[in-house]
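Enquirer: Provided herewith is a single structure, encoded as structure tokens, for subsequent inquiry.
The values are calculated or read from the model by the stated rules, or taken from the named source; none is laboratory data. If you're wondering where the values come from, they're calculated on a predicted model, not measured in any experiment. Here the Cβ positions follow ideal geometry from the backbone for every residue, glycine too, while neighbour counts run over all protein chains shown.
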Amino acid sequence: MFELEKMFKKEFSRRDFIKYSSSIAVLLGLSEMYVPQIASALEQVASKKLPVIWLHGAECTGCTVSFANSNYPSVAELVLDRLSVKYHETLMAASGEVAEQGLDDAIKQFKGKYVMVVEGAIPTKDDGIYCKIGGKTFLSMVQKVAEGAAYKVALGTCASFGGVPAAGPNPTGCKGLKDVIGGTVVNIPGCPAHPDWLVGTVVNILLFGQVPALDQYNRPKLFYGRLIHENCPRRGGYEQGQFIKNLGEELPDIEGCMGAKGCRGPITSADCPHRLWNSGVNFCISAGSPCAGCVEPTFPQTPLYEAIPEVAKTIKAAETDKRTGAIGTFGASLGGAVAGAAAAAGGIYLANEKTKDKAKDKSQNKGV
Ligand code: SF4
Ligand code: SF4
């Protein structure tokens, strides 16, 4: 039973181990019923270290900082121990040629078995000369490491969709991982990504030998399956047409909705309202800041603090309704408009992706 203990070289009591297994169940959205199964699966996989090669491109390293602040330090520690991170430019002690050699060795030794985690966008213009590490372009490093990877994970919105480095006019031609290497990439967007989203994805791979179910943007549905708006603590304000007009404003009887201040919760899918950030303390909307939609392919969009068009239209209608006393009709009309906005945002991104895919197919057919 406690082979796992030896593997991790940690002093765990049985109680700790079960607690750990329970936290994994919660993380993966499984019921308590699965705890014994998780414990047994962990024991079975305990002997198989899962090597990780973690690359950094055009970014601020915020996702690594976020991961280091994991709500479950012991889980993160275990996952990192189990993962056996072979190369991580921010965390590893080695530098220079030793680090470069370490990367080459890891690629050779663990070919076909390792997880590739990419943090940061990939500059592609002019053969990627705008981001170089040890004299090599980040673009060439990503392509090389991707060849031997068993699983490919894009961590953060920059690596998933380009994010801030790819914001217009994008002079370096920054792109997300999937746009560069194609194939199956698990996107874990967020600016930064929540540590649980990475830990949960990796543990899912360890437990079930496969990536979790993904949505249309290759995000694990476990964490990105619901709109922020569905579970928002300010939803009551929204339903009653109580919108705040200035940041920091408090309404007398209710938490006002931030739709008028640009909240993108109605078109943003993530579990922030119940996952919470900073070890379960808070999240953007509860802290008085509208959701910026940081996990969506369209992030960052400006202006940040203006109502998204469909919501703006409906807020106006609500104000008219309030004046005429017809407030009851407003909630339904806003719901419809919001659903339309979410579909439209997704449609535009998918249309762009299809155009890109067609262009790629054409160039491949030409043997370019
Ligand atoms: S618009 Fe934003 S603040 Fe308002 S209910 Fe929806 S998610 Fe919450
Ligand atoms: S609430 Fe919105 S902006 Fe804040 S972290 Fe979640 S997805 Fe990003």
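This table checks each residue for (1) assigned to a helix (DSSP H, G or I); (2) modelled with pLDDT of 65 or more; (3) farther than 18 Å from ASN204 by Cα; (4) in contact with a Cys (Cβ under 6 Å, 6 or more places away or on another chain).
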{"position": "MET1", "(1), (2), (3), (4)": "no, no, yes, no"}
{"position": "GLU11", "(1), (2), (3), (4)": "no, no, yes, no"}
{"position": "TYR20", "(1), (2), (3), (4)": "yes, yes, no, no"}
{"position": "ALA25", "(1), (2), (3), (4)": "yes, yes, no, no"}
{"position": "TYR34", "(1), (2), (3), (4)": "yes, yes, no, no"}
{"position": "LEU50", "(1), (2), (3), (4)": "no, yes, no, no"}
{"position": "LEU55", "(1), (2), (3), (4)": "no, yes, yes, no"}
{"position": "VAL79", "(1), (2), (3), (4)": "yes, no, no, no"}
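Enquirer: Scan the stretch 273-296 and give yes if some residue there is surrounded by 18 or more Cβ atoms within 10 Å (Cβ to Cβ) and more than 10 Å from ligand 2 (Cβ to nearest atom), otherwise no.
Expert: No - not one qualifying residue is present in the stretch 273-296.
Enquirer: Restricting the stretch 252-269 to residues that are out of contact with any Cys (no Cβ under 8 Å at 6 or more places or on another chain) and over 14 Å from ARG235 (Cβ atoms), which is nearest to ligand 2 (Cβ to nearest atom)?
Expert: Looking at the filtered set, the residue picked out is SER269.
Enquirer: Can you pull out the residues in the stretch 105-116 that are surrounded by 11 or more Cβ atoms within 10 Å (Cβ to Cβ) and closer than 23 Å to THR184 by Cα?
Expert: Result: ALA106, ILE107, GLN109, PHE110, LYS111, LYS113, TYR114, VAL115, MET116.
Enquirer: Can you confirm whether the stretch 306-318 contains a residue that is closer than 30 Å to THR64 by Cα and either of a type in the set (D, E, K, R) or within 13 Å of ligand 1 (Cβ to nearest atom) (or both)?
Expert: no
Enquirer: Can you run down the residue pairs with Cβ atoms below 9 Å, 6 or more apart or on separate chains, where the first is in the stretch 307-324 and in the same structural domain as SER289 (by TED's automatic domain parsing) and the partner is surrounded by fewer than 18 Cβ atoms within 10 Å (Cβ to Cβ) and among the acidic types (Asp, Glu)?
Expert: Note: pairs meeting the criteria are ALA312/GLU306.
Enquirer: Looking at (1) within 14 Å of ligand 2 (Cβ to nearest atom); (2) assigned by TED's automatic domain parsing to the domain that holds SER279; (3) outside any loop (DSSP other than H, G, I, E, B), which one does PRO233 not meet, given that it meets all the others?
Expert: (3)
Enquirer: Within the stretch 157-196, how many residues turn out to be in a loop (DSSP other than H, G, I, E, B), on the phi < 0 side of the Ramachandran plot and either in contact (Cβ under 8 Å) with a residue 40 or more places away in the chain or buried (at least 24 other Cβ atoms within 10 Å of the Cβ) (or both)?
Expert: Going residue by residue through the stretch 157-196, those that are in a loop (DSSP other than H, G, I, E, B) are 162-163, 167-173, 176, 182-185, 189-194.
Subsequent filtering for residues that are on the phi < 0 side of the Ramachandran plot retains 167-169, 171-172, 176, 184-185, 189, 191-194.
Filter once more, so that each one left must be either in contact (Cβ under 8 Å) with a residue 40 or more places away in the chain or buried (at least 24 other Cβ atoms within 10 Å of the Cβ) (or both): 167, 171-172, 176, 185, 189, 191-194.
Within the stretch 157-196, residues that are in a loop (DSSP other than H, G, I, E, B), on the phi < 0 side of the Ramachandran plot and either in contact (Cβ under 8 Å) with a residue 40 or more places away in the chain or buried (at least 24 other Cβ atoms within 10 Å of the Cβ) (or both) number 10.
Enquirer: Please work out which residue is surrounded by the fewest Cβ atoms within 10 Å (Cβ to Cβ), limiting yourself to the stretch 207-243 and to residues that are of a type in the set (Phe, Trp, Tyr) and away from ligand 1 (no atom under 16 Å from the Cβ).
Expert: Selected residue: PHE208.
Enquirer: Among the numbered conditions (1) under 19 Å from the mean Cα position of the chain (by Cα); (2) assigned to a helix (DSSP H, G or I); (3) among the hydrophobic types (A, V, I, L, M, F, W, C); (4) modelled with pLDDT of 90 or more, tell me where VAL117 comes up short.
Expert: Result: VAL117 fails condition (2) only.
Enquirer: Specify the residue that is nearest to ligand 1 (Cβ to nearest atom); the eligible residues are those in the stretch 272-284 that are in contact (Cβ under 8 Å) with a residue 60 or more places away in the chain and of a type outside the set (Ser, Thr, Tyr). I'd like the intermediate steps shown before the answer.
Expert: Here is the first cut: in the stretch 272-284, the residues in contact (Cβ under 8 Å) with a residue 60 or more places away in the chain are 272, 275, 277-280.
Filter again for of a type outside the set (Ser, Thr, Tyr), leaving 272, 275, 277-278, 280.
Details: CYS272: 10, ARG275: 15, TRP277: 15, ASN278: 19, GLY280: 19 Å.
Ranking the candidates gives CYS272 first.
Enquirer: Mind listing whichever residues of the stretch 244-270 are more than 8 Å from ligand 1 (Cβ to nearest atom) and in contact (Cβ under 8 Å) with a residue 60 or more places away in the chain?
Expert: Of everything in the stretch 244-270, those that are more than 8 Å from ligand 1 (Cβ to nearest atom) and in contact (Cβ under 8 Å) with a residue 60 or more places away in the chain turn out to be ILE267, ALA270.
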